[in-house]
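Chemist: Sharing a structure, written as structure tokens. Questions coming.
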Amino acid sequence: MGLKPDHWIRKMAQEHRMIEPYEPGQVRQGVISYGVSSYGYDIRVANEFKIFTNVFSAVVDPKNFDPKSMVDFEGDVCIIPPNSFVLARTVEYFRIPRRVLTVCLGKSSYARCGLIVNVTPFEPEWEGFVTLEISNTTPLPAKVYANEGIAQVLFFEADDVCETSYADRKGKYQKQETIVLPKL
């Protein structure tokens, strides 16, 4: 299994619709960068957010998540409350090939401000918009800019095809079109 360079990412995006919309270069002018990079792709956060709130004093339970724990927000800038988090989704829609696994890491511009992005790997044959979790670890409100870079995806291609893909397992987060809350 090996890390894939920019020319491989371009080919897979153009020929196999692996990333849509796809930015073939790195956009940096006046924004937090996004687009193809040396060995990955910098994804953007869309302008749709679910902001965590404790207004109803709900218990956070991944087996039975209460949607009332989130407030919907749409806009160009999302303010994450201190020591809280938001859920968001990517601008890009992904179609991961059967021989590929990705690892997603938060961008350092946000990490240096105490904002941490947590995303699980995109498994072979997973498809959809990525649901992102962005944590504000600081005691101050923090900004996230919609339609700008938020994290980098690294692509690894295996020598052999996996025996069972995410699509084969009928994964619960397959083909998500919106921000998806935890499911059991």
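The values are calculated or read from the model by the stated rules, or taken from the named source; none is laboratory data. Not measured: the values here are computed from a predicted model. So basically every Cβ, Gly included, is an ideal-geometry build from the backbone, and we count neighbours across all protein chains shown.
Chemist: Determine the pairs where a residue that is touching a residue at least 40 places away in the same chain (Cβ under 8 Å) and buried (at least 18 other Cβ atoms within 10 Å of the Cβ), located within the range 27-41, has a partner that is part of a loop (DSSP other than H, G, I, E, B) and among the aromatic types (Phe, Trp, Tyr) with Cβ atoms under 6 Å apart, the partner being 6 or more residues away or on another chain.
Modeler: Once the first residue is touching a residue at least 40 places away in the same chain (Cβ under 8 Å) and buried (at least 18 other Cβ atoms within 10 Å of the Cβ) and sits in the range 27-41, no partner that is part of a loop (DSSP other than H, G, I, E, B) and among the aromatic types (Phe, Trp, Tyr) comes close enough.
Chemist: Using the structure shown, decide if Phe65 is in a loop (DSSP other than H, G, I, E, B), hydrophobic (A, V, I, L, M, F, W, C) and surrounded by 11 or more Cβ atoms within 10 Å (Cβ to Cβ). Show your work before the answer.
Modeler: Values: in a loop (DSSP other than H, G, I, E, B): yes; hydrophobic (A, V, I, L, M, F, W, C): yes; surrounded by 11 or more Cβ atoms within 10 Å (Cβ to Cβ): yes.
For Phe65, the condition - in a loop (DSSP other than H, G, I, E, B), hydrophobic (A, V, I, L, M, F, W, C) and surrounded by 11 or more Cβ atoms within 10 Å (Cβ to Cβ) - is met.
Chemist: Only one of (1) under 14 Å from the mean Cα position of the chain (by Cα); (2) modelled with pLDDT under 95 is not met by Gly149, so which one is it?
Modeler: In the conditions (1) under 14 Å from the mean Cα position of the chain (by Cα); (2) modelled with pLDDT under 95, Gly149 misses (2) alone.
Chemist: Kindly list, by first and then second residue, each pair from a residue in the range 1-19 that is closer than 15 Å to Asp42 by Cα to a residue that is small (Gly, Ala, Ser) and surrounded by fewer than 17 Cβ atoms within 10 Å (Cβ to Cβ), limited to pairs with Cβ atoms under 7 Å and residues at least 6 apart or on different chains.
Modeler: Pro5/Ser38; Asp6/Ser38
Chemist: Restricting to the range 128-144, count the residues that are more than 12 Å from the chain's Cα centre (by Cα) and part of a strand (DSSP E or B).
Modeler: First, pick out the residues of the range 128-144 that are more than 12 Å from the chain's Cα centre (by Cα): 135-144.
If we keep only those that are part of a strand (DSSP E or B) as well, we get 135-136, 142-144.
Selection size over the range 128-144: 5.
Chemist: For Leu181, work out the one condition from (1) closer than 21 Å to Arg44 by Cβ; (2) among the aliphatic types (A, V, I, L, M); (3) not in a strand (DSSP E or B) it doesn't fulfil.
Modeler: Going through the list (1) closer than 21 Å to Arg44 by Cβ; (2) among the aliphatic types (A, V, I, L, M); (3) not in a strand (DSSP E or B), Leu181 breaks only (1).
Chemist: Filtering the range 70-93 down to residues that are small (Gly, Ala, Ser) and under 22 Å from Phe129 (Cα atoms), which residue is nearest to the chain's Cα centre (by Cα)? Steps first, answer last, please.
Modeler: Step one: list which residues in the range 70-93 are small (Gly, Ala, Ser), which gives 75, 84, 88.
Next cut, under 22 Å from Phe129 (Cα atoms) only: 75, 88.
Working: Gly75: 18, Ala88: 8 Å.
My answer is Ala88.
Chemist: Count, please, the residues in the range 145-157 that happen to be part of a loop (DSSP other than H, G, I, E, B) and of a type in the set (A, V, I, L, M, F, W, C). Before the answer, list the steps.
Modeler: Going residue by residue through the range 145-157, those that are part of a loop (DSSP other than H, G, I, E, B) are 146-148.
Remaining after also requiring of a type in the set (A, V, I, L, M, F, W, C): 146.
Total meeting the criteria: 1.
Chemist: Let me ask something else about it. Which pairs turn up if I take residues in the range 150-178 that are on the phi > 0 side of the Ramachandran plot and in contact (Cβ under 8 Å) with a residue 40 or more places away in the chain and look for partners that are part of a strand (DSSP E or B) and surrounded by 12 or more Cβ atoms within 10 Å (Cβ to Cβ) with beta carbon separation below 8 Å, at least 6 apart in sequence or on another chain?
Modeler: Lys175/Glu127; Lys175/Gly128
Chemist: Need pairs with beta-carbon distance below 6 Å; first residue β-branched (Val, Ile, Thr) and within the range 59-81, second assigned to a loop (DSSP other than H, G, I, E, B); sequence gap 6+ or separate chains.
Modeler: Listed by first residue and then by second, the contacts come to Val71/Thr53; Ile79/Pro141.
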